[in-house]
Amino acid sequence: MYYAIKVLKKDKIQNPTAILAEIENLTKLDHPNLVRFYGQMSTKKRIILIQEYLTGDDLFTVAQQANERGIMFDEGYIRKVFL
């Protein structure tokens, strides 16, 4: 199993309360179609999020490619690509 690590610099966070709320919400989510959140760690300067590592393209890239090919990026297309 592989993990994705997201590092947030505390001095760059504009709304710390929102980040803490987001982390709390991530800990409550458990759905097969969402990236799994495994936990977080903090240092004096950083917040480190540990998440499931997924392969493949992200949503923005898929939308961009569909647009370039003249494909309507609607719910039906999203289902074909991701499910």
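Laboratory data are not the source of any read-out in this text; all were calculated from the coordinates shown. What you are looking at is a predicted structure, and each value in this text was computed from that prediction instead of being measured. Note: ideal-geometry Cβ built from the backbone for every residue, glycine included; neighbour counts use all protein chains shown.
Quick notes
- Residue within the stretch 63-80 that is in contact (Cβ under 8 Å) with a residue 24 or more places away in the chain and among the hydrophobic types (A, V, I, L, M, F, W, C) present: no
- Those residues of the stretch 1-25 which are in contact (Cβ under 8 Å) with a residue 12 or more places away in the chain and of a type in the set (D, E, K, R), in sequence order: Lys6, Lys9, Lys10, Asp11
- Inspection of the stretch 51-65 identifies at least one residue that is surrounded by 13 or more Cβ atoms within 10 Å (Cβ to Cβ), under 14 Å from the mean Cα position of the chain (by Cα) and closer than 25 Å to Pro16 by Cβ.
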